[in-house]
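Right, one structure below, let's go through it.
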Amino acid sequence: MTTPLEDEALDFIRALIRIDSVNTGEAATIGDGETRAALFVKEKLEEVGYRVDLVEPQAGRASVVARLAGSDPDAGALVVHAHLDVVPVAEADWTHPPFAAEIHDGILYGRGAVDMKNYAGTILAIARAYRRQGIVPRRDLIFAFFADEEAGGVWGARWIVRNRPELFAGATEAISEVGGFSVPLADDRRAYLVATAEKGVTWATITARGHAAHGSRPTPDNAVVRLARAVTAVGAHEFPVVRTPALNRFLEVFGQHRGIRFSAADLDAELENLGFVASLVGASARNTVSPTVLAAGGKTNVIPAEAIARLDIRVLPGADAALHEELAGIVGDDVEIAWGRPVPAIDSPLDAPLVDVLQEAITAEDPGGLVVPYLLPASTDNKHLAQLGIRGYGFVPLRVPDDFDVFGEFHAADERIPVDALYFSVRVTDQILRNA
């Protein structure tokens with residue numbers, strides 16, 4: 001039997017999935033889906049008496065923020081946030097309609113089922129339940145539903161932090177994606193990963209220059225060849241493992257329970273014993289640089305004077321200066337490097353009282369479950385909130401079968417989640433917010 005709270009959360013999750021709020025990252029191709037989703041949330045919150053701020057800095061790009069006062073005015077407020085936009089879909093790759101929110105054999109399918117309308121519907125239902133039942137949490141809860149996370153939060157969390165910071169007055173911590181999902185630990189026990197840190201993000205352009213010439217007369221300073229050498233060097237380079245506090249804690253816990261002694265020299269091979277979680281943790285163990293865009297020339301019989309490559313760069317906390325120096329050595333003196341504006345890494349305390357609250361909430365539903373910190377190799381809106389001094393944690397609780405890779409569902413075709421995992425998420429999130 002399900003509870004009314006679980007039923008309402010599932011209804012809201014499905015209703016939000018049915019609102020096509022695809023964010024292409026290009027203004028000309030983005031409709032009003034994010035605003036329609038925000039208006040849905042606003043209406044549901046106002047029905048139970050919340051004062052709601054709807055912020056729409058650009059047409060169609062609306063966010064919603066509402067606050068529930070706590071009993072302890074001296075306790076820092078907790079921001080509980082989800083984003084309402086989703087990434088594009090290629091419908092031909094889906095076996096179930098991406099915006100129908102269909103349930104088949106106990107599995108909910110749809111864009112946003114994991115990333116992250118599941119959590120938006122969950123916290124919306126909980127926010128309503130607290131108002132209806134007169135529940136007063138210890139600390140203020142700030143419920144935020146952001147636009148534009150999938151394109152960097154420019155018109156969502158980043159804009160609000162810069163232009164409406166008063167909406168987060170008194171906030172000290174935040175909970176959102178990416179974490180909370182279960183992964184097999186040992187002896188039928190599960191670990192629930194909590195993202196206590198996130199890599200920083202930056203971009204770089206490397207440019208090779210040479211002399212333009214006719215294609216029939218090869219030159220020794222062909223810009224395309226110079227660029228190709230630099231890109232090949234980047235692709236072949238293996239950045240060293242860095243034992244950040246979050247990685248150390250993860251390896252310590254999993255090593256103890258799996259009987260594995262992890263070493264920097266063979267970490268990638270040793271992580272393979274962990275199954276699908278290996279790629280997630282492996283990407284968090286070192287800086288990464290991925291060539292993503294190449295551009296040179298426009299005519300086959302013309303040797304261009306310039307060739308460029310763009311690089312996607314994910315940087316561990318505190319590693320920016322070292323990475324700049326290392327990348328310069330990799331590509332050599334034949335090319336120039338121009339750096340983009342960085343989005344700094346964030347790093348929150350591993351042993352904060354909030355992490356204890358997460359553990360207590362998990363234990364209530366899964367007595368053998370263990371909350372384990374890790375470093376997220378990607379980005380969330382927690383980075384923007386960090387500009388206000390708000391410490392972010394990624395924890396959307398989901399108990400799933402041992403072979404279900406929740407992180408693998410992000411941005412995937414046939415994105416899906418077991419309905420039972422959503423009910424679990426509602427119960428655990430309720431406990432977290434009551435006791436935080």
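The values are calculated or read from the model by the stated rules, or taken from the named source; none is laboratory data. Remember, predicted model here, so these are calculated numbers, not experimental data. When we count neighbours, we look across all protein chains shown, and the Cβ atoms used for this are built from the backbone with ideal geometry, even at glycine.
Quick check on V419: is it touching an Asp or Glu at 6+ places or on another chain (Cβ under 6 Å), within 23 Å of W94 (Cβ to Cβ), of a type outside the set (D, E, K, R) and modelled with pLDDT of 95 or more? Criteria not met by V419. Consider V48 carefully, then state whether it is of a type in the set (A, V, I, L, M, F, W, C) and under 22 Å from the mean Cα position of the chain (by Cα). Answer is no for this residue. Would you pick out the residues in the stretch 309-324 that are part of a loop (DSSP other than H, G, I, E, B) and surrounded by 15 or more Cβ atoms within 10 Å (Cβ to Cβ)? Those that are part of a loop (DSSP other than H, G, I, E, B) and surrounded by 15 or more Cβ atoms within 10 Å (Cβ to Cβ): L316, P317, A319. The combined condition, being touching a residue at least 40 places away in the same chain (Cβ under 8 Å) and touching a Phe, Trp or Tyr at 6+ places or on another chain (Cβ under 9 Å), is not fulfilled by G392.
Hey, does the stretch 240-257 have a residue that's surrounded by 15 or more Cβ atoms within 10 Å (Cβ to Cβ), of a type in the set (V, I, T), assigned by TED's automatic domain parsing to the domain that holds S284 and under 19 Å from L370 (Cα atoms)? Yes, some residue in the stretch 240-257 is surrounded by 15 or more Cβ atoms within 10 Å (Cβ to Cβ), of a type in the set (V, I, T), assigned by TED's automatic domain parsing to the domain that holds S284 and under 19 Å from L370 (Cα atoms). Yes or no: the stretch 120-133 includes at least one residue that is assigned to a helix (DSSP H, G or I), crowded, with 20+ Cβ neighbours inside 10 Å and touching a His at 6+ places or on another chain (Cβ under 9 Å). Yes: the stretch 120-133 contains one or more residues that are assigned to a helix (DSSP H, G or I), crowded, with 20+ Cβ neighbours inside 10 Å and touching a His at 6+ places or on another chain (Cβ under 9 Å). Residues in the stretch 275-298 that are over 21 Å from P342 (Cα atoms) and either without any contact (Cβ under 8 Å) to a residue 12 or more places away in the chain or crowded, with 16+ Cβ neighbours inside 10 Å (or both): 9 in all. Taking the stretch 404-433 as the range and being surrounded by fewer than 19 Cβ atoms within 10 Å (Cβ to Cβ), assigned to a loop (DSSP other than H, G, I, E, B) and either among the hydroxyl-bearing types (S, T, Y) or touching a residue at least 24 places away in the same chain (Cβ under 8 Å) (or both) as the test, the residues that pass are D405, F410, H411, A413, D414. Is there a residue in the stretch 77-85 that is surrounded by 14 or more Cβ atoms within 10 Å (Cβ to Cβ), more than 23 Å from F410 (Cα to Cα) and among the aliphatic types (A, V, I, L, M)? Checked the stretch 77-85: at least one residue is surrounded by 14 or more Cβ atoms within 10 Å (Cβ to Cβ), more than 23 Å from F410 (Cα to Cα) and among the aliphatic types (A, V, I, L, M). Restricting attention to the stretch 359-374, the residues being buried (at least 24 other Cβ atoms within 10 Å of the Cβ) and out of contact with any Phe, Trp or Tyr (no Cβ under 8 Å at 6 or more places or on another chain) number 1. Scanning the stretch 155-199 for residues that are among the acidic types (D, E), under 12 Å from the mean Cα position of the chain (by Cα) and within 23 Å of D420 (Cβ to Cβ) returns a single hit, E177. Going through P401, P373 one at a time, which residue ends up being over 24 Å from D85 (Cβ atoms) and in a loop (DSSP other than H, G, I, E, B)? When all the criteria are applied, what remains is P401.
Would you check if I206 is hydrophobic (A, V, I, L, M, F, W, C) and more than 28 Å from L350 (Cα to Cα)? Here the answer is yes, as I206 does meet what is asked. The residue list L327, L350 contains one member that is in a helix (DSSP H, G or I), in contact (Cβ under 8 Å) with a residue 40 or more places away in the chain and surrounded by 14 or more Cβ atoms within 10 Å (Cβ to Cβ), which is L327.
For the stretch 20-27, the criterion of being over 21 Å from the mean Cα position of the chain (by Cα) and either within 22 Å of A413 (Cα to Cα) or modelled with pLDDT of 95 or more (or both) is met by none of the residues. When A147 is tested against (1) modelled with pLDDT under 95; (2) buried (at least 19 other Cβ atoms within 10 Å of the Cβ), just one condition goes unmet, and that condition is (1). Listed conditions (1) closer than 17 Å to L433 by Cβ; (2) buried (at least 16 other Cβ atoms within 10 Å of the Cβ); (3) β-branched (V, I, T) are all met by V52, apart from (1). Annotation: F424 fulfils all but one of (1) more than 25 Å from F146 (Cα to Cα); (2) touching a Lys or Arg at 6+ places or on another chain (Cβ under 6 Å); (3) aromatic (F, W, Y); the unmet one is (1).
Kindly indicate whether A265 is in the same structural domain as S216 (by TED's automatic domain parsing), within 27 Å of the chain's Cα centre (by Cα) and farther than 18 Å from R209 by Cβ.
Details: in the same structural domain as S216 (by TED's automatic domain parsing): yes; within 27 Å of the chain's Cα centre (by Cα): no; farther than 18 Å from R209 by Cβ: yes.
When the stated conditions are applied, A265 does not pass them.
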